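First comes the structure, then the notes that go with it.
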Amino acid sequence: MPMRIEAMTLGEAWMAIAAAILTGGVAGSWEGLPIVELFRATLDVHSPRVDDPIIAQHGDPERLAWMHANFNDRSRVAEIGDADSYATRLYDYAHTGRDQIRWVIDRLTSDPGARDATVTTFQPLTDTSYIPCVSLLDFWLVDGKLQLAVYAHSIDFGTKGYANLVELAALQTRVADDLGVGVGSLTMTVKSAHIYQTELGLMRRIIVATQG
């Protein structure tokens, strides 16, 4: 059954989806490594602030820095087979000079009611061995606030998912600031929301710590 989680903050959403995976996930594997996963999970974060106290306390600084570089540095990413970074995909799509985020801003500036300010990180002509986890970003305005919905085929909510959420929230805030509007909800839909078997114990300890 699809899972829907509503939370005020990024950290609360991370804890809620991790707890749901731990209690209701099924055994699976990712590139030969055992995972526990939930299918078709949606997270609605109503106040996606980047400076989240739960993530600041329990997130891995190196993982946060790695994801920040992925979203902001156009160098190829060695850890995923020298694939293009999200920064390249968003700001220099397929190395064509196309800045998709500028296009979103221009689209919503010219038509604040637009419902098609939608971009993709997938580059099908070159993405063969690596398919970006977050592939679709859809921006729109409601009552003067910028909403962002993203689709991901798979997100690891043990060590990576919170970093994805932080960078997506940062991008949403950047676009909202350029448009001169407030920040609305951040919605992430994930086909496979999972935690690696090796990190189940760690996530159980973090969840207990946040509930104390």
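Computed from the coordinates by the stated procedures, all read-outs in this text should not be read as laboratory data. As the structure is a prediction and not an experimental result, all values here were calculated from the model. Methodologically, a virtual Cβ is constructed for each residue, glycine included, from the backbone with ideal geometry; neighbour enumeration extends over all protein chains shown.
Considering helices alone, the calculated mean residue ellipticity of the chain at 222 nm is -11500 deg cm²/dmol, with DSSP H runs of length four and up weighted by -39500 (n - 2.57) and normalised per residue. The packing ranking of peptides 21-32, 190-201, 1-12, highest mean first, is 190-201, 1-12, 21-32, where packing means the average number of other beta carbon atoms within 10 angstrom of each residue. Put simply, when 97-105, 133-141 are sorted by average Cβ atoms within 10 angstrom per residue, most first, you get 133-141, 97-105. A Cα-only calculation for the chain places Rg and Dmax at 16.8, 50 Å. Quick check: from the Cα gyration tensor, does the range 47-104 come out rounded (a/c under 1.5), prolate or oblate? Cα axes put the range 47-104 in the oblate bin. Just checking the listed ones, Tyr151, Tyr130, Tyr91: in the Gaussian network model of the chain with Cα springs under 10 Å, the one fluctuating most is Tyr130. Cα centroid separation, the range 81-155 to the range 60-78: 17 Å. When each of the peptides 109-122, 166-179 is scored by the mean number of other C-beta atoms lying within 10 Å of its residues, the order from highest to lowest reads 166-179, 109-122.
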